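Nothing in this text is a laboratory measurement; each read-out follows from the coordinates by a stated rule. For clarity, every value in this text was computed on a predicted model and none was experimentally measured. Reconstructed Cβ throughout: ideal geometry from the backbone, glycine too, with neighbour counts over all protein chains shown.
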Amino acid sequence: MRAKSILIINPNSTSSMTDALRPLVDALHFKDTAHEFFTAPSGPKSINNEEDGAESVKHCLPTLKPMLDRHDGFLVACYSHHPLVPILKGEPMVREGRKSVTGILEASVSTSLQIIHPEELFGIVSTGKVWEKILSEAVREFLGTGSEASKKFAGVETTGLNATDLHDAPAEEVRKRMKDAVKRLLRKGNVGAICLGCAGMSGMDKAVREACIEVLGEVDGNRVRVVDGVMAGVAWLEGAIRSGF
């Protein structure tokens, strides 16, 4: 019997972003599961709005379809309400095979709700300002507008950088903008978890932690959970596959 397999899908065409995800997945030490990575063969280099997300589907889906029978779970590594998530769920090979699909937004939001304390909120730090409205609407749609879960959402703060800037801009500038966005988010309330709202932010948790400590102090700053959507998504898929969900 073959090993269980998870496909991590980067729906933009920048392979360096895909490569940055590999050490995060390796750090989870799920040795019994094979993890493969997919980069869009063409299309947007960076998904900076909903139009880019829709365009990326056209470039990914034809290549992905023949691969669906080889994997047990699929993670769409774009921090948005990406259309590939419901599209893949509706594919006959996925639906009839009871295969699991999630996006990193959905995985990180679900994880945040499970790890915060009753009096705490969670929020998102993302890239360009356009994502403040897009991600806020996506979270409320996912949780249900007016639901008790949606009341735990503190909102979205952004850096003003796009996904490729996170790796191409001067490191000190990226770090400063990340910290400034985190500090604005923390001032919105009792935030107990912060989601990294872009796959390109994977591995940037140190800057988030520094900002938390600067605002809240050493003890409380270290209590804030930093949630990486890629790690959260792979962990959820691992559990779903092992449980037969």
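Quick notes on this structure:
- Sequentially through region 124-129, phi angles give Karplus couplings (6.51, -1.76, 1.60; θ = phi - 60°) of 10, 10, 10, 9, x, 4 Hz, Gly and Pro residues having no value and appearing as x.
- Gaussian network model of the chain, Cα within-10 Å springs - most flexible of Gly221, Gly97, Gly197: Gly97
- Working from Cα pairs under 8 Å separated by at least six residues, relative contact order for the chain is 22 percent.
- Computed over region 106-229: relative contact order in percent, which uses C-alpha pairs under 8 Å that are six or more apart: 32
- Pairs exceeding 26 Å between alpha-carbon atoms, taken from Lys58/Lys176; Lys152/Lys183; Lys129/Lys152; Lys133/Lys188: Lys58/Lys176.
- Farthest toward the positive end of the dipole of the chain, out of Val25, Ala40, Leu113, is the Cα of Leu113, where the dipole comes from beta carbon charges about the Cα centre.
- Listed from fewest to most Cβ neighbours within 10 Å, the set Lys45, Lys188 follows the order Lys188, Lys45.
- Coil-residue chymotrypsin sites (Phe, Trp or Tyr not before Pro) of region 33-120, DSSP, other Cβ within 10 Å capped at 16: none
- Prolate/oblate/rounded call for region 106-229, Cα gyration tensor, a/c under 1.5 rounded: oblate
- Dipole of region 116-245, positive direction: furthest Cα of Ala240, Ile213, Gly144, with charges on the beta-carbon: Gly144
- Rounded to the nearest 20 debye, dipole of the chain from Cβ charges on Lys, Arg, Asp, Glu: 300
- Ordering 137-147, 222-232 by mean Cβ neighbour count within 10 Å, with the highest value first, yields 222-232, 137-147.
- Cross-link partners of Lys65 among lysines (Cα-Cα below 30 Å; sequence separation of 8 or more within a chain): Lys4, Lys31, Lys45, Lys89, Lys99
- Burial ordering of Phe30, Phe153, fewest other beta-carbon atoms within 10 Å first: Phe30, Phe153
- Between Met67, Met204, Met178, the Gaussian network model of the chain with springs among Cα atoms under 10 angstrom shows the greatest mean-square fluctuation at Met67.
- For region 73-147 and region 155-215, distance of Cα centres in Å: 19
- Neighbour counting of Cβ atoms within 10 Å sorts the residues Ser112, Ser150, fewest neighbours leading, into Ser150, Ser112.
- Computed E for Asp220/Leu113 - FRET, C-beta separation, R0 22 angstrom, nearest 0.05: 0.60
- Close amide H contacts of Val101 (hydrogens built in the peptide plane, cut-off under 5 Å, sequence separation of 5 or more or a different chain): Phe74.
- The residue among Val94, Met201, His81 whose Cα reaches farthest toward the positive pole of the charge dipole of the chain, with charges on the beta-carbon of Lys, Arg, Asp and Glu, is Val94.
- Residue with peak Gaussian network fluctuation, the chain [Cα springs, cutoff 10 Å], from Gly160, Gly200, Gly217: Gly217
- Think of each Lys and Arg Cβ as +1 and each Asp and Glu Cβ as -1; about the Cα centre, that makes the dipole of region 106-229 roughly 240 debye.
- Hydrophobic long helices, here whole DSSP H runs in the chain with Kyte-Doolittle means of at least 0.5 and Cα atoms spread over 15 Å or more along the helix axis, are found at 104-115, 229-243.
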